[in-house]
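Inspection log for the structure reproduced underneath, given as structure tokens.
Taken together, the values in this text are just the output of simple stated rules run on the coordinates, not laboratory data. Since we're looking at a predicted model, the values are computed, not measured. Heads up, the Cβs are rebuilt from the backbone with ideal geometry, glycines too, and the neighbour counts pull from every protein chain shown.
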Amino acid sequence: MKPNKSVGIVGYGVYIPKYRIQNTEIARVWGNDPNLVPIREKSVPGSDEDSVTIAIEIARNALKRAGIEPKDLKAVWIGTESKPYAVKPTSTIVAEAIAATPFVNAADWEFACKAGSETVQACIAYVGSGMANYALGIGVDTAQGSPSDALEYTAAAGGAGYIIGSSKESLAVIESSVSYVTDTPDFWRRQHEHYPKHGNRFTGEPSYFKHVINCSEALMDELGTNPEDYDYAIFHQPNRKFPLEVAKILGFPKEKIMDGLISPYIGNTYAGSALLGLASVLDISKEGDRIFCTSYGSGAGSDSFSIEVTDKINDRRANAPSVKSYIERREEIDYARYARYRKKIRM
Amino acid sequence: MNVPRHWREQVRRYRLLGSKCCDCEEISFPYRLVCPKCRSRKCEDYALIGKGKILSFTDINSPPQEHKYNMPYAVALIGLVEGPIITAQITDARAEELEIGMDVEMVTRKIMEYNEDGIICYGYKFRPIVKYAHP
């Protein structure tokens, strides 16, 4: 799918909270084998952080890279499944904090871990149709895993945001995108429930793999490209294993995956996951590099993007912190502090 | 819960929005209708850049109920680069990690919540500057 007007990424920003809990610490508390944990550690939001505060940091970093005024944004769209309010937009608070109000479209988007890439695709359409010069899409989460559940090892906090504008001003041009969705109940959270439920192994083959593979292949078919045409590829990363496996099935060699694979160090940031991986690649890419990116959200669906980096990346990259700098900014906490920060202890 | 009171101040707290005197250029935070230096009534909004230095700080171990989730936390007097001195909570660092003269930056964080069913109040806090280098 291509818009009428060519568009691209004018600026991007990321944020990851500084606290980390090791997977071996979670295994210790629940008596699980520390040798069988899925990742090394995951990020934990501080007691005063939530999806709103993380999105504000992301938006401010994206504006620094884009070099535009907040009032130039005509959309502030937040994709998240951890809205602080059940009813009241996250996006209006973020838009107000970055001074993009009042003549701006603000909305919260929902599609499990795909909510962030959905906002980016909507921004492509908004700018590509000529309705807006700039639009900001953010994927952010402070993901909740039920205590002792398999997801508790990976459910993390963080996100990334992209300001979409004309391709002439872009640090990376978006060549095309494709969406692929079906009704697949692999993961859900009902109203008023604190924690999600999932279909265990059902989350693999008929869910993650089916959607990521079909969406990725559809985009490459549309463009007439194959894995050899890309320098980097990013796939939604609920753990370390799934994105490596799906890359292998699609024919992307491991060396094209590793720079965007950050879940082993920060966990699965849900709506932020694929978008953070993409930012991590943009942090090191050079003019002419071609990037393939596919998100995945339970319920279920994927969005695939084909992106080409321009020379403008060199001037803008250093205007905000890199993914690596946020990964390295870390303070390890034990399960007790983690339980307190995640409000598993009620006061 | 006083929603209108919070709403009236929220933009200034989210963005660290002060005022600048149109006559003598004195910058103030919080916003002043009358310039504290020259008494002019011509003041306009002024967005502070959110950078400053810690002038003094203290450690809070017995906070009000609404701040208990954050305890212990530091509160500092911060000299902003534009001149005003403000009092703010420090986040992402405990008191033992702070020093007088340390460079800090503004972040928008959750200040307090009115229980589980009330509004969430966001506003400025400060943290030691995040240093970053690119790969």
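From the backbone phi of the stretch B:54-66, what are the Karplus-calculated ³J(HN,Hα) couplings (6.51 cos²θ - 1.76 cosθ + 1.60, θ = phi - 60°) in whole Hz, Gly and Pro given as x?
Coupling constants for the stretch B:54-66: 6, 8, 6, 7, 9, 9, 9, 10, 10, x, x, 3, 5 Hz.
Which net charge results when you count Lys and Arg as +1 and Asp and Glu as -1 among the other residues whose beta-carbon is under 11 Å from that of B:Asn2? Walk me through the numbers on the way to the answer.
On the way: positive: B:Arg5, B:Arg8; negative: B:Glu9.
With Lys, Arg at +1 and Asp, Glu at -1, the net is +1.
If you count, for each residue, the other Cβ atoms within 10 Å and average over each peptide, how do A:76-83, B:41-48 line up from highest to lowest? Intermediate values should be presented prior to the final figure.
On the way: A:76-83: 27.9, B:41-48: 15.0.
Output ranking for A:76-83, B:41-48: A:76-83, B:41-48.
Compute the Cα gyration tensor for chain B, then decide on rounded, prolate or oblate, letting a ≥ b ≥ c be the square roots of its eigenvalues: rounded whenever a/c is under 1.5, prolate when a/b is larger than b/c in the other cases, and oblate in all that remain. Spell out each step's value before the answer.
Numbers: a/c = 1.90, a/b = 1.22, b/c = 1.56.
It comes out oblate by the Cα gyration axes.
Among B:Leu55, A:Trp188, A:Pro38, whose Cα projects farthest towards the positive end of the dipole of the protein assembly as shown, with charges put on the beta-carbon of Lys, Arg (+1) and Asp, Glu (-1)?
After comparing all options, I get B:Leu55.
Taking only DSSP H segments of four or more residues, each worth -39500 (n - 2.57), what value at 222 nm results for chain B once the sum is divided by all its residues, to the nearest 500 deg cm²/dmol?
Calculated mean residue ellipticity at 222 nm is -3000 deg cm²/dmol.
7 Å from Cα along Cα→Cβ at both A:Arg329 and B:Val130: what's the point-to-point distance in nm?
In this crude label model, A:Arg329 to B:Val130 measures out at 0.4 nm.
How large is ³J(HN,Hα), in whole Hz, for each residue of the stretch B:107-120 in order, when computed from phi with the Karplus curve 6.51 cos²θ - 1.76 cosθ + 1.60 and θ = phi - 60°, using x for Gly and Pro?
These are the phi-based 3J(HN,Hα) values: 10, 9, 10, 6, 8, 6, 10, 8, 6, 7, 10, x, 6, 9 Hz.
I'd like the mean, over residues of B:11-20, of how many other protein chain beta carbons sit within 10 Å of each residue's own Cβ. All intermediate terms of the calculation are to be shown ahead of the outcome.
Values: counts 4, 0, 1, 8, 6, 0, 1, 0, 0, 0.
Per-residue shielding by partner chains comes out at 2.
For the stretch A:175-313, state what percent of all Cα-Cα pairs lands in each successive 10 Å bin, counting from 0 Å until the bin that includes the largest distance.
Once binned at 10 Å, the Cα pair distances of the stretch A:175-313 give 12, 44, 32, 9, 2.
Taking a cut-off of 43 Å, what percent of all Cα-Cα pairs in the protein assembly as shown are separated by more than that?
Values: 15630 of 115921 pairs.
Counting every Cα pair in the protein assembly as shown, those more than 43 Å apart make up 13 percent.
Based on the mean of other beta carbon atoms within 10 Å per residue, what is the order of A:90-102, B:7-19, most packed first? Mind dumping the intermediate values first?
On the way: A:90-102: 22.7, B:7-19: 17.5.
Put in order of decreasing packing, that is A:90-102, B:7-19.
Which percent, to the nearest 5, of DSSP beta bridges fully inside chain A are antiparallel? Write out the running numbers ahead of the final one.
Numbers: 40 of 58 bridges.
So the antiparallel bridges amount to about 70 percent of the total.
Tell me, what is the percent relative contact order of chain B, built from C-alpha pairs under 8 Å that lie six or more residues apart? Intermediate values should be presented prior to the final figure.
Values: 271 pairs, mean separation 29.0, N = 135.
Reported relative contact order: 21 percent.
Just from its helices, what would the mean residue ellipticity at 222 nm be for chain A, if runs of 4 or more DSSP H residues each count -39500 (n - 2.57) and the sum is divided by every residue, rounded to the nearest 500 deg cm²/dmol? Spell out each step's value before the answer.
Values: 11 runs with 101 residues, N = 347.
When only DSSP H runs of four or more count, the value is -8500 deg cm²/dmol.
Across peptide B:102-114, how many C-beta atoms of other chains are within 10 Å of each residue C-beta, on average?
Numbers: counts 0, 0, 0, 0, 0, 7, 12, 9, 9, 1, 1, 2, 0.
That average works out to 3.
Shielding by partners for A:96-102, please: the mean number of other protein chain Cβ atoms within 10 Å of each residue's Cβ.
Working: counts 6, 8, 3, 5, 0, 1, 0.
What the average comes to for A:96-102 is 3.
Over all directions, the average projected area of the alpha-carbon convex hull for the stretch B:30-91 comes to how many nm²?
Details: hull surface 22.1 nm².
Convex hull of Cα atoms, orientation-averaged projection: 5.5 nm².
Taking just the C-alpha trace of the stretch A:125-164, give me its Rg and Dmax in Å.
Values for the stretch A:125-164 (Cα only, Rg and Dmax): 16.2, 49 Å.
Quick one: compute the contact order of chain A, relative version, from alpha carbon pairs under 8 angstrom and 6+ residues apart, as a percent.
On the way: 905 pairs, mean separation 88.3, N = 347.
So the answer I get is 25 percent.
In whole Å, largest first, what are the principal axis extents of the Cα atoms in the stretch A:64-115?
30, 21, 15
What ranking, highest mean first, results for peptides B:28-36, A:169-177, A:205-213 when packing means the other Cβ atoms within 10 Å averaged over each residue?
Descending packing order for the listed peptides: A:169-177, A:205-213, B:28-36.
Using the Kirkwood formula over every pair of different C-alpha atoms, what hydrodynamic radius in Å results for the stretch A:1-73? Could you put the intermediate results ahead of the total?
Details: mean 1/r = 0.0642 Å⁻¹.
Computed over the stretch A:1-73, the radius equals 15.6 Å.
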